[in-house]
Each structure stands twice: as structure tokens, then as C-alpha cells.
């Protein structure tokens, strides 16, 4: 009788362990495949003398942090100058393309994905977009998360 009870407990413990492992692995895979972003902070920023805007910080469902910045400038020339200044600090450009309006007839801006030097000696990717008097930046340690975030939240 006592032997049957020990076997029963062992089977239940093994079943519980397997169920927990399956749940943990499923949650991990789900969070990596279906990335969701939670806003964790926001504030205002300035660039140069005339660029004013705001930033929002996000944490992805798999723990990666993403920052989104939006700056407004008084003129398109000042926004272009700020755009070029930001890109001047990059190590290399991954993608550079022109942005068109919804009918794809008029060029309204430019989008660049580049890699920038990090303070710790490494590199970090950033997407920089210039459209008229606006400048957008999305940065993270993960290029994959930048592209996912941009695809879901793109309003320019």
C-alpha cells in the first residue's frame, strides 16, 4: 500500500513538472513570435536650438527595450540638417530609401536604418526617418524589434 502511494506521488510530481515545462516553453515561444510592446515611459526632448518633441520608451513582451523619438522643427531645412547630423554619427548604413506619399507619386522624406557606436564599445541599430519638418527615430539593441515596432506603429 505504501509503495503504491510513493509511485502515485512520483507520477503526479513528474506530470506537474512536465506541465510546467510545456507552459514555460509555450509562453517563451509565443512572446518571441508575437511580440507585443508595453509603454513604460515618456517625456519631452530637444535637439539643437529648434528641435522639440517627445520620446516614448517601450518594453517588448520578450524583455527587449525600444525607444521612439519624434522631433518637430520650424523648417524642413533645419530638419534635414538634424537628420544629416544624426546620420553623421553612424558606423554604417544598412538601408537608405526615399519615402513617398500614399499614391507613390511625390517623395516626402527619407528613411535610413543604420548602426551606431555604443558607449560600451559595441554597436546598436537605429531607424531614422525625415519627413518634411519632422524627424523620427526608433532605437533598440535589436534590429528585429525596431522593424516590428515600426511596422505596427508607423504613422508617417
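The values are calculated or read from the model by the stated rules, or taken from the named source; none is laboratory data. Since the structure is predicted, the reported quantities are computational estimates derived from the model, not experimental observations. Heads up, the Cβs are rebuilt from the backbone with ideal geometry, glycines too, and the neighbour counts pull from every protein chain shown.
Brief remarks follow.
- Filtered residue count, region 66-76, keeping only those that are in a loop (DSSP other than H, G, I, E, B) and either outside the structural domain of residue 117 (by TED's automatic domain parsing) or surrounded by 12 or more Cβ atoms within 10 Å (Cβ to Cβ) (or both): 2
- A single entry from 7, 67, 49 fulfils the requirement of being within 27 Å of residue 135 (Cα to Cα) and over 21 Å from the mean Cα position of the chain (by Cα): 49.
- For region 98-116, the set of residues classified as touching a residue at least 12 places away in the same chain (Cβ under 8 Å) and either surrounded by 12 or more Cβ atoms within 10 Å (Cβ to Cβ) or within 19 Å of the chain's Cα centre (by Cα) (or both) consists of 99, 108, 109, 110, 111, 112, 113, 114, 115, 116, listed by residue number.
- Total residues in region 51-60, condition crowded, with 18+ Cβ neighbours inside 10 Å and closer than 21 Å to residue 148 by Cα: 2
- Among (1) surrounded by 10 or more Cβ atoms within 10 Å (Cβ to Cβ); (2) closer than 18 Å to residue 150 by Cβ - the single one residue 27 does not satisfy: (2)
- Single residue of 79, 19 found to be surrounded by 10 or more Cβ atoms within 10 Å (Cβ to Cβ), without any contact (Cβ under 8 Å) to a residue 24 or more places away in the chain and outside any strand (DSSP E or B): 19
- Among the numbered conditions (1) free of Cβ contacts under 8 Å to residues at least 40 places away in the same chain; (2) under 22 Å from residue 38 (Cβ atoms); (3) surrounded by fewer than 16 Cβ atoms within 10 Å (Cβ to Cβ), the only one that residue 143 does not meet is (1).
- Among the residues listed as 48, 41, 63, 89, the single one being under 22 Å from residue 147 (Cβ atoms), assigned by TED's automatic domain parsing to the domain that holds residue 114 and out of contact with any strand residue (DSSP E or B) (no Cβ under 8 Å at 6 or more places or on another chain): 63
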